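**Q** After the structure tokens below, expect a handful of questions from me.
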Amino acid sequence: MANNPGAKKAIRKIEARTEVNRNRRSRVRTFLRKFEEAVTGGDQAAAKTAFNDAQSEVMRAVSKGVIHKNTGSRKVSRLAARLKKMAAA
């Protein structure tokens, strides 16, 4: 258990950071879900817009350190592949 002022402050900072990161991760998942819905709906224009929004949000999470750079790149790459596959069909 935290026993000195520095350790107690670190616990407070970690809790605050955890809350911010939880919100950012939730935001990313929301945009990914919106892209999924647009793709399954078959609306190509909506899927393109949702892709741009999702890509932006994923890369923002990467820049904030919520997710790793390679993870973000992988997610965006897979989204782009699904959008391309949808356009080809």
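**Q** Candidates (i) 40; (ii) 22; (iii) 17; which is the computed percent of Cα pairs over 22 Å apart?
**A** Among (i) 40; (ii) 22; (iii) 17, the one derived from this structure is (i).
**Q** When the chain is treated as a GNM, springs tying every alpha-carbon pair under 10 Å, which of Ala46, Ala38, Ala16 comes out with the largest mean-square fluctuation?
**A** Greatest mean-square fluctuation among the candidates belongs to Ala16.
**Q** Sticking with this one: Pick out, from Asn52, Thr18, Ala2, the residue whose Cα sits farthest towards the positive end of the charge dipole of the chain, with +1 on the Cβ of Lys and Arg and -1 on the Cβ of Asp and Glu.
**A** Toward the positive end, the furthest listed residue is Ala2.
**Q** Which of Val28, Val39, Val20 moves the most in a Gaussian network model of the chain with Cα springs under 10 Å?
**A** Among Val28, Val39, Val20, the largest mean-square fluctuation in the Gaussian network model of the chain belongs to Val20.
**Q** Name the lysines eligible as straight-distance cross-link partners of Lys48: C-alpha to C-alpha under 26 Å, and not fewer than 8 places from it in the same chain.
**A** Qualifying lysines at Cα under 26 Å: Lys34, Lys64, Lys69, Lys75, Lys84, Lys85.
**Q** Okay, next question. Stretch Arg74-Thr30 to full length: gain in nm at 0.36 nm per residue minus the Cα-Cα span?
**A** 14.1 nm is the gain from fully extending Arg74 to Thr30.
Read-outs throughout are calculated quantities, based only on the coordinates presented, and are distinct from any laboratory measurement. Keep in mind it's a predicted model, so treat the numbers as computed, not measured. FYI the Cβ positions are ideal-geometry reconstructions off the backbone, even for glycines, and counts take in every protein chain you see.
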